[in-house]
Amino acid sequence: MNSFHFIDRRKNPKGKSLGNRQRFLKRAKSQIKDAVNKSLRDRSLKDLDKGEKITIPTKSTKEPRFRLDPETGERQWVNPGNKQFSEGDRLKKPPKGGGRGRGKDASDSGDAEDSFQFTLTQDEFLDIFFEDLELPNLVKRSLKEIKSTAYKRAGITVAGSPTNLNLVRTMRNAHGRRLALGRPSTKEMNALKERLFELERNYSPSEEEIAEKKAILIRLEEMEARRRWAPYIDPLDVRYNAFEPSPVKTTAAVMFCLMDVSGSMGEREKDLAKRFYMLLYLFLKRRYEQVEVVFIRHTHHAEEVDEETFFYSRQSGGTVVSTALEKMLEVQKDRFPAGEWNIYVAQASDGYTQGGDAKRCVELLSDDVMPIVQYYAYIEILDERELEVFSDADTGAELWRAYRSFAPQFRHFAQTRIARPQDIFPVFRELFAKGSKEAA
Amino acid sequence: MTLIAEKPSLLFSDSEWDFEKLKSAYDAIEDIALSDLGLDVYPNQIEIIATEQMLDAYSSHGMPLMYKHWSFGKHFARDQMMYQKGFQGLAYEIVINSSPCIAYLMEENTMTMQALVMAHASFGHNHFFKNNYLFRQWTDAEGILTYLDFAKKYISKCEDEYGAEDVEQILDAAHALMDQGVFRYQRPPRLSEADMLAKIAARAEHERESFNDIWRTLPNTHEPDEDAEERQEAVRNIKLPEENLLYFIEKASPILKPWQREIVRIVRNISQYFYPQKQTKVMNEGCATFVHHYIMNELYSRGRINEGAMMEFMHSHSSVVFQPDFDDPRYSGINPYALGFAMMEDIRRMCEAPTPEDREWFPQLNGADWREVLKDAWANYRDESFILQYLSPKIMRDFALFALADDAEDSHVEISSIHDERGFRNVRETLASMYDLGAHEPNIQVMSANLEGDRLLTLRHTVHDGRKLDRKTMEDVLWHVHRLWGHEVKLEEKAA
């Protein structure tokens, strides 16, 4: 009979092919990037927590082999399932390029595919999407001594908490010490004890055996004693992993998200604005772990809210946009001194505000806000009808026109419009593309 | 009383499996395989794996150990997609031609499926691997796992040392020539023995240790003298034309560094290892399917499995051997499982109960022992010769096979013969020729290489039946050849 065995490999580490996948993604990078951007056009933000199926051309990932051209020469092959054909029948060939598998060859060389479809995980997808985006003008790096600390490994110590016990070091020390002090091993003792039992089973021992028995007893006692003063593990052996707090350098940056939730913004507009901020928030969380985000929403008065409220609560009222700017300045003065923080603002609104308020906004912006911020992005949410009306960049709602008049003074001010969900991703990319907004 | 005691017990009665049941099923299957069918197998090793691991194994030629390359990642991504969308089921098993013979069972399989897979892979394929002349002569079942282990480590070390991109370039180029990287007519040298591999690894280690940045600026670090000489000798011994492009390039390329030659050799060896499998798809699958079918039926008739298990087995067996007609949307060529299984069942039928037609076509089978006939076929044929020898009129009728002839110049395809008295022989010959790799893989050989002068490498494609190379892929491949050769490469096409 042959010997054989079963091996349960289910617990083996998964993802053996991860290295291959990374190599593949790297290989097809530029095409995957194109595909990601393309797929974003008709993708809703809600889907961002899912992976994405993308199709890339096989160009950069083709694996060419020599093969025969099915369009040349003479070929013979066999098919199964004849129904009505007789020998000598002649069948018209399907037009070139059309039709399914032309016999064996066509189906064998199935590599003729022109595009390749597969699924990216959410992480891979977002990484690729955010890859060449950045917060512009992140310059005031060293202005603020950040107090944040992280614990780093700092060697081995003799004192510490049990959770940090370094088992390997401890056991190694113990082993060395046991060797040096000649601690008798359990195995050795067991061997002696066994011999002893053997001798004791003998009812009529010889002289020699009695002597041996005595010697063993003495030896065992010695060993016991030795084991008592050379214990298996001694407090001397114990070592702990040491951790030391060390300061972590971070760039101090804050992003203010100002959103209009007034009555003039319809559900659709609010939804668009929320989606935009959702994307912004994801981007910041992913790429700039240390960035502070302040959420401010406003109707005829503004308030600072938490993330949850900002994205999910419903509220309505009149519209005074300047209140949001005032609130923002208030929070900024209070917590984010301009000298120490890189400040960013993203504002979303439908562009309508109380009569005269646009002027107030512009004043606030040019006098107080623009001088202290690194970058200000204004996103106007339109409905589709309006988009046609305002196809020209110079025309627009009140706020748009007002901002338009002073925008040229500031290179770190950007204004743009979103009318459809599919605008969000391109606009986002446009606003945060690397190198597009160099410091003035 | 004794009757009850002798009544054999069921191996299992529900679909859940556990190791206890696997073990007893294995023993029962082994008993039938060895003492009834008289199979001769390598020791078996059976591994239980999860779905994702199956996909992993899939994407790298089904091998448990493989070096890293993006193309495997691509295949994985595609297979995963197909699987998740439900376009493609996973194979129930993967089996590796090695000793011990490793078979993978998926954890999701039911107990019946596990039994089927064990019979199919661990005995059917295993017997075929161990006995078929192609595998015996051309592959090295004992050495393959050691070799793959070496290859994987060697390539990952090269990546560390020379950069993943440089390694990738060589692998890409070598992969493009994989089909032209086999010896077809002469026995390939055995895979390097373990001590040889150790030598190579040690040499790489030595190179690394003695690496000194100062010398890097010197032109052309020379390979160790003994190797260079050995290689020159080998180049002089190659008689042109040479069919194995990878072999020739590995030995004679003017620009490859020693580690690059080693990588080319690894790809060549792996290609050679798979060459017999390409020539025996019908026989290999037919053998495994015949064996599992026989064993499962035998288990049932011995009362070791119940009706439920038998029904489940029949269901999956019949989908494995399903052959759609040519005009069916599901058609994608002739199913090797279907053809192989049908032919082998037919051989048994012709031995046991031949019709007058069979007596005329296969007088030698009349009254022969079907076990011996099949074992002889499994050992001594490949697809092409097996079909030529054993495809019977009955199978041609059952499959309704018909042969077509096509000339690219012609606007029509002609039905050259069908499954009737006049057509049997032509259909059989045509079908057999479809399994002749020589007729489907372009015949490309190295004609000359000017090693002293301009180093021009000349390849020739010998054209059969006017079938030329596909231009687009040809250019892509030649670009890779150029990368390996470093100098001009020319490819000519000549009619035979």
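Please treat every number below as a calculation from the coordinates, not as lab data. What you see is a predicted model; the values in this text were computed from it and never measured. Because the Cβ atoms are built from the backbone with ideal geometry, glycine has one as well, and the counts that use them run over all protein chains shown.
The mean of 1/r over all pairs of different alpha-carbon atoms in the range B:321-439, once inverted, gives a Kirkwood hydrodynamic radius of 15.4 Å. The mean number of Cβ atoms from other chains found within 10 Å of a Cβ in peptide B:327-334 is 5, as a whole number. Going by neighbour counts of Cβ atoms within 10 Å, the residues B:Ile255, B:Ile96 line up, fewest first, as B:Ile255, B:Ile96.
Partner aspartates and glutamates whose Cα lies under 17 Å from the Cα of A:Lys38, excluding those fewer than 8 positions away in the same chain, are identified as A:Asp47, A:Glu52, A:Glu124, A:Asp127, A:Glu131, A:Asp132, A:Asp423, A:Glu430. Structural descriptor for chain B: relative contact order 16 percent, calculated from alpha carbon pairs under 8 angstrom and at least 6 residues apart.
Applying 1/(1 + (r/R0)^6) with R0 = 51 Å to the Cβ-Cβ distance of A:Leu217 and B:Glu142, what FRET efficiency is obtained, to the nearest 0.05? The pair A:Leu217/B:Glu142 has a calculated efficiency of 0.35.
Membrane-span-like helices of chain B, defined as complete DSSP H segments with a Cα extent of 27 Å or more along the helix axis and a mean Kyte hydropathy of at least -0.5, are identified as B:281-301. Within the shell defined by Cβ-Cβ distances under 13 Å, the residues around A:Glu224 carry a net charge of +3, with Lys and Arg each +1 and Asp and Glu each -1. Translational diffusion coefficient of the range B:351-415 (Stokes-Einstein, Kirkwood radius from Cα pairs, 37 °C, 0.692 mPa s): 232 µm²/s. For the range A:162-242, the relative contact order works out to 67 percent when only alpha carbon pairs closer than 8 Å and six or more residues apart are counted.
Determine the alpha carbon to alpha carbon distance for each of B:Lys68/B:Lys239; A:Lys11/B:Lys23; A:Lys62/B:Lys472; B:Lys68/B:Lys130 and list only those over 23 Å. In this structure, B:Lys68/B:Lys239; B:Lys68/B:Lys130 exceed 23 Å between Cα atoms. Here the range B:65-83 and the range A:336-374 have alpha carbon centers that stand 51 Å from each other. Peptide B:473-480 shows a mean partner chain C-beta count of 4 within 10 Å per residue C-beta.
Charge tally around A:Arg27: other residues with Cβ under 9 Å, Lys/Arg +1 each, Asp/Glu -1 each, net +3. Taking only the C-alpha atoms of the range B:376-496, the Rg (one decimal) and the largest Cα-Cα distance, Dmax (whole number), read 20.0, 61 Å. Charge tally for A:Thr353 (other residues, Cβ to Cβ under 15 Å; Lys, Arg +1; Asp, Glu -1): -2.
Structural descriptor for the range B:321-439: relative contact order 19 percent, calculated from alpha carbon pairs under 8 angstrom and at least 6 residues apart. Take the Cα of B:Asp398, go 7 Å toward its beta carbon, and the backbone nitrogen atoms of the range B:345-372 under 11 Å from that spot belong to B:345-350.
By the gyration tensor of its Cα atoms, with a ≥ b ≥ c the square roots of the eigenvalues, what is the shape of the range A:253-432: rounded for a/c under 1.5, prolate for a/b over b/c, or oblate? Rounded is the answer for the range A:253-432, as its axis ratio a/c remains below 1.5. Peptide A:84-90 has a mean of 6 when you count, residue by residue, the C-beta atoms of other protein chains within 10 Å of its C-beta.
Of B:Phe76, A:Phe425, B:Phe123, the sequence from fewest to most neighbouring Cβ atoms within 10 angstrom is A:Phe425, B:Phe76, B:Phe123. The label point for B:Ser15 and the one for A:Lys93, both projected 7 Å from the Cα toward the Cβ, are 4.9 nm apart. Residue order for B:Asp454, A:Asp368, fewest other beta carbons within 10 angstrom first, comes to B:Asp454, A:Asp368.
Report note on the peptides A:195-208, B:439-452: ranked by the mean count of other C-beta atoms within 10 Å, highest first, their order is B:439-452, A:195-208. Annotation: amide H-H contacts under 5 Å for A:Phe243 (H modelled 1.01 Å from N, sequence separation of 5 or more, or interchain): A:Ala154.
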